[in-house]
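Below: one structure, written as structure tokens.
The values are calculated or read from the model by the stated rules, or taken from the named source; none is laboratory data. Values in this document were obtained by computation on a predicted structure and should not be read as measured data. Counting neighbours? That spans all protein chains shown, and the Cβs are built from the backbone with ideal geometry, glycine included. Just the protein is used for accessible areas: all its heavy atoms, side chains included, with ligands, DNA and RNA removed. Shrake-Rupley method; radii C 1.70, N 1.55, O 1.52, S 1.80 Å.
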Amino acid sequence: MQKLSLTQLDEFFDRISKEQALYLPIDVKKGQADFIKWHEGLTMSNALNTMRSAKDFFFPQTENLVDFKVEGKNIEIIDSRSETEDFVLFGVRACDVRSFLILDKVFLSEPVDTYYKSRREHGTIISVSCNSPSETCFCHTFGIDAADPEGDIACWIAEGDLFLNARTEKGTALLNKLKNILTECDDTKVKEQQAKTKSVLDKLPLKNLTTDDFKGDEMMEIFNSPEWGKLSESCLACGTCTFVCPTCQCYDIKDFDTGHGIKRFRCWDSCMYSDFTKMAHGNPRTSQLERFRQRFMHKLVYFPSNNNGEFGCVGCGRCIAKCPVSMNVVKVMRQLGGNKNE
């Protein structure tokens with residue numbers, strides 16, 4: 001365990017930024033933060049979480065995949081990728097760090113998505129534990145400890161100091177480059193702060209939310225529940241929940257004629273949209289009920305059934321905060337699980 005005075009935080013950021021590109025939560029609007037590339041003069045946000053997750057760094061909202069040049073019957077295929085720079089993400093919360101592991105199961109399974117893989121290999125994650133979890137937080141429901149985040153380096157802020165603990169070879173290598181501004185210490189203050197955070201977690205309104213009612217052997221019973229009709233009635237199909245979600249991985253691939261060639265790109269898509277999964281014969285999900293059900297069945301039933309029980313949600317609470325009609329995964333879990341009044 002090592003520590004750094006918070007008065008040295010800018011020096012810490014400066015040292016990292018001279019080695020690699022550094023991104024951290026910065027206030028972009030009052031009370032709202034996003035990951036921004038750090039430079040001298042920027043101050044880290046005190047917001048609990050960013051508006052959008054750090055998923056963009058590994059699975060960007062839009063990216064070029066390949067270019068084509070067509071001359072008569074000749075087609076030239078051009079790999080438009082440039083080498084990904086090494087970068088550090090500082091201030092990632094426990095929920096978002098876990099989301100990367102969920103995305104890994106999708107993009108690093110065979111066939112491996114080499115675009116995603118390259119970014120993951122070049123990125124170093126420095127997580128920071130939550131001192132004051134919000135009423136919209138429910139990461140504990142999915143086995144995530146907000147007081148003990150995963151990552152290449154885990155950090156805690158307590159009594160004017162930043163405490164750091166390397167968890168991977170990548171994290172150890174980075175801290176070794178910074179050791180002359182760090183001090184060795186024990187974990188007494190960290191354990192005290194963890195206890196304070198857990199006391200806050202025990203008081204949150206969603207502390208009793210569980211996944212007990214979502215088991216793979218009950219898939220068809222959940223799928224055929226009449227509750228889907230009531231739940232989906234208020235959904236606007238705006239897709240906000242899917243775009244702020246750190247684990248949503250759906251995308252579309254399109255070709256664009258620039259007039260000088262063809263660019264093939266991919267962009268995020270949403271299972272809540274009416275043309276999602278549309279094929280030559282039509283769309284297999286023609287109603288909003290079916291599309292709404294697909295989203296939450298995937299998070300709560302399909303994904304864990306195919307990934308050793310790991311759910312496709314990390315309890316970050318963004319869908320609770322951002323949905324314009326207050327419809328979210330928590331309401332779905334309670335309604336389908338019979339915990340309407342919990």
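Quick notes
- If the segment from Phe256 to Gln20 were pulled out straight at 0.36 nm per residue, it would be longer than the present Cα-Cα gap by 81.6 nm.
- Accessible surface calculations at 1.4 Å, restricted to protein heavy atoms, place the range 111-226 at 50 Å² per residue.
- Gain on full stretching of the segment that runs from Arg285 to Ser118 - 0.36 nm per residue minus C-alpha separation: 56.7 nm
- Apportionment of accessible area to carbon and sulfur, the range 1-119, percent (1.4 Å): 48
- Accessible area (Å², 1.4 Å probe, nearest 10) - Thr124: 10
- Rotationally averaged projected area of the range 262-342 (alpha carbon convex hull; nm²): 8.1
- R0 of 45 Å, Cβ-Cβ distance Lys37-Glu221: FRET efficiency to nearest 0.05: 0.40
- Rg(Cα) / (2.2 N^0.38 Å) computed for the range 189-342, rounded to two decimals: 1.25
- Cα shape, the chain, gyration tensor, a/c 1.5 rule: oblate
- Structure-based [θ]222 nm, the chain - -39500 (n - 2.57) summed over DSSP H runs of at least 4, per residue, nearest 500: -8000 deg cm²/dmol
- Among the listed pairs Lys37/Lys322; Lys29/Lys117; Lys207/Lys331; Lys207/Lys322; Lys18/Lys191; Lys18/Lys170, those beyond 23 Å (Cα-Cα): Lys37/Lys322; Lys29/Lys117; Lys18/Lys191
- Centre separation in Å (Cα based) which lies between the range 73-124 and the range 181-195: 32
- Of the solvent-accessible surface of the range 186-311, computed with a 1.4 Å probe over protein heavy atoms with every protein chain present, carbon and sulfur atoms account for 51 percent.
- Relative contact order of the range 1-113: 23 percent, from C-alpha pairs under 8 Å at least 6 residues apart in sequence.
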